[in-house]
Amino acid sequence: MTSCPALLIAAPASGQGKTTVVAALARLHARQGRRVRVFKCGPDFLDPHWHQLASGAPVHSLDLWINGTEDCAARLHAAAQEADLVLIEGVMGLFDGEPSAADLARHFGVPVLAVVDASAMAGTFGALAHGLRHYQADLPWAGVLANRVAGERHAEMLQRSLREPGDWLGALPRVALADGAPAGKPAALLPERHLGLVAAHELPDAMDRLDAAADALAATPLGQMDAADLQRWAVDFPAPSAPQPVPPLLAGRTVAVARDAAFSFIYPANLDTLAQLGAQVRFFSPLAGDALPPCDAVWLPGGYPELHAAQLAAHHGLQNDLCAHWAAGKPLWAECGGMLALFASLRLQDGREQAMWGLLPGTAAMQPRLASLGPRQIDLAGQVLRGHSFHYSTADCRAPVLARSSRPGGQDADGEPLYAHGSLRASYFHAWFASNPVAVAQLLGGAA
């Protein structure tokens, strides 16, 4: 049994400021010399970039279905062994989804800190806090933080509205950057676009943004807590059962992984799984003009190829390398954005048609609205791999369909396809490799 202070930071809904608060809290304590480990509840590639920068440590996802409870328990126990503080960012609203952030908090006994955007409310803040705390009787609870508060008088109104005065953990003003904002309005501290936040590594002043948020949080009761204060939220994380050993099905094989601003949707746990399978991973950057490294298999992960489509399409050397790799019958796994780069063309948001690498017969088109979202699983010759789907494009592909993804607990008539084109496998499905390493080895040409 390992004990460590831990908080699950949740909200009534998306857009309340959870990510900013988690990153600010991680940065604040890291600056004070504490070891902070951060997790994200549910699948997410973008928020973890900010949390990794803030904490200085890799950020893993926790999902009771995608990971499974044993995997979640193992990651939390490992973090608690080396950390002074464990933070978990929730997903959507506290009780949204199956499983929800509240389910995770209850399962592991992690107290919930609720972040509420109070910019347009006063007394209702207390009702909302009361409902979040008492909606489920067995929910571990830490308190509530009012976000985007107008000033001291507004904060006093919000604090007085609480039924349980001890719930008050402070008021955080709207933290923003004035530079570069339109019409004199402050720009968002953590800017967004389709799919979510702009990744931290894309902004040269990302650390300055985190420090600004941490400085603001330091003025709240929550931000003024020291190591002794945090012990009120200590959680016991029992040692998990010994995991099943991962067979070295990719031993002696090299997997080339695209990694840059166009292909950045990579779970650290997926790279860990490749290492456990015995693979040697070699990264390359299509945007930097890298050639395909000598390899036995290629993984093109998701990302934002649509934002760099012309630059990717102009990389004819890599296009030829990938064609030669495919013609030699070597495995190539492309998921979501990686698949978009392989189509003959991609219609961008402004309606322009951009020729792409052309390995996969068909086309794709960006959409103004979300085309698919949610947890998914896919059966590969009896090996079920779990993950999720999240994309703003649609595809018209003429390649054969090898399998279709399904939602948890059942089949979907319109499940998204896994295409098979020679040795190429492509899908909108984002795989969580640790859910079934054997299935991953199959995708990458490992021994049966």
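Of all residues in region 360-418, those that are of a type in the set (F, W, Y) and touching a helix residue (DSSP H, G or I) at 6+ places or on another chain (Cβ under 8 Å) total 0. With respect to the stated conditions, G278 fails to be more than 29 Å from A57 (Cβ to Cβ) and in a loop (DSSP other than H, G, I, E, B).
For (1) more than 29 Å from V281 (Cβ to Cβ); (2) touching a strand residue (DSSP E or B) at 6+ places or on another chain (Cβ under 8 Å); (3) assigned to a strand (DSSP E or B), each residue gets a yes or a no:
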{"position": "A364", "(1), (2), (3)": "no, yes, yes"}
{"position": "P375", "(1), (2), (3)": "no, yes, yes"}
{"position": "G387", "(1), (2), (3)": "no, yes, yes"}
{"position": "T394", "(1), (2), (3)": "yes, yes, yes"}
{"position": "V438", "(1), (2), (3)": "no, yes, no"}
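Residue count for region 390-406 under the criterion of being surrounded by 21 or more Cβ atoms within 10 Å (Cβ to Cβ) and among the hydroxyl-bearing types (S, T, Y): the result is 2.
Checked against (1) free of Cβ contacts under 8 Å to residues at least 24 places away in the same chain; (2) within 29 Å of G97 (Cα to Cα), C336 meets all criteria but (1).
Entry remark, region 20-46: residues being part of a helix (DSSP H, G or I), of a type outside the set (S, T, Y) and buried (at least 22 other Cβ atoms within 10 Å of the Cβ) number 9 in total.
Is region 407-416 home to any residue that is at pLDDT below 95, crowded, with 18+ Cβ neighbours inside 10 Å and either assigned to a strand (DSSP E or B) or not assigned by TED's automatic domain parsing to the domain that holds L62 (or both)?
yes
Between L222, L230, L249, which is over 19 Å from G387 (Cα atoms), touching a His at 6+ places or on another chain (Cβ under 9 Å) and either among the charged types (D, E, K, R) or modelled with pLDDT of 95 or more (or both)? Unique residue meeting the criteria: L230. The helices (runs of 4 or more DSSP H) located wholly in region 84-171 that include 3 or more residues which are farther than 18 Å from S61 by Cα occupy 124-134, 152-160. Within region 369-394, residues that are in contact (Cβ under 8 Å) with a residue 24 or more places away in the chain and farther than 17 Å from D44 by Cα sit with their Cβ atoms under 8 Å from residues that are among the hydroxyl-bearing types (S, T, Y) and surrounded by 23 or more Cβ atoms within 10 Å (Cβ to Cβ), at 6+ positions apart or across chains, in these pairs: I378/S405; I378/S427. Taking the condition of a type in the set (A, V, I, L, M), over 24 Å from the mean Cα position of the chain (by Cα) and in a loop (DSSP other than H, G, I, E, B), does L287 pass? When the stated conditions are applied, L287 does not pass them.
Scanning region 123-177 for residues that are closer than 23 Å to R106 by Cβ, surrounded by fewer than 19 Cβ atoms within 10 Å (Cβ to Cβ) and of a type in the set (D, E, K, R) turns up D138, R163, E164. Just one of the listed residues (L342, L307) is crowded, with 18+ Cβ neighbours inside 10 Å and either modelled with pLDDT under 95 or within 23 Å of A441 (Cα to Cα) (or both), namely L342. Quick check, is D379 over 27 Å from V246 (Cβ atoms) and either modelled with pLDDT under 90 or part of a strand (DSSP E or B) (or both)? No. Evaluating L62 against the criteria (1) under 18 Å from A26 (Cα atoms); (2) of a type outside the set (D, E); (3) out of contact with any Lys or Arg (no Cβ under 9 Å at 6 or more places or on another chain) leaves one unmet condition, (3).
Pairs linking a residue in region 1-27 that is closer than 19 Å to A213 by Cβ and in the same structural domain as G131 (by TED's automatic domain parsing) to a residue that is buried (at least 23 other Cβ atoms within 10 Å of the Cβ) and acidic (D, E), with Cβ atoms under 6 Å and 6 or more positions apart or on different chains, are I9/E89; K18/E89; T19/D47; V22/E89.
The values are calculated or read from the model by the stated rules, or taken from the named source; none is laboratory data. Note that the coordinates shown come from a computational prediction; the quantities given were computed from them, not determined experimentally. Ideal geometry is used to build each Cβ from the backbone, glycine not excepted, and the neighbour counts take in all protein chains shown.
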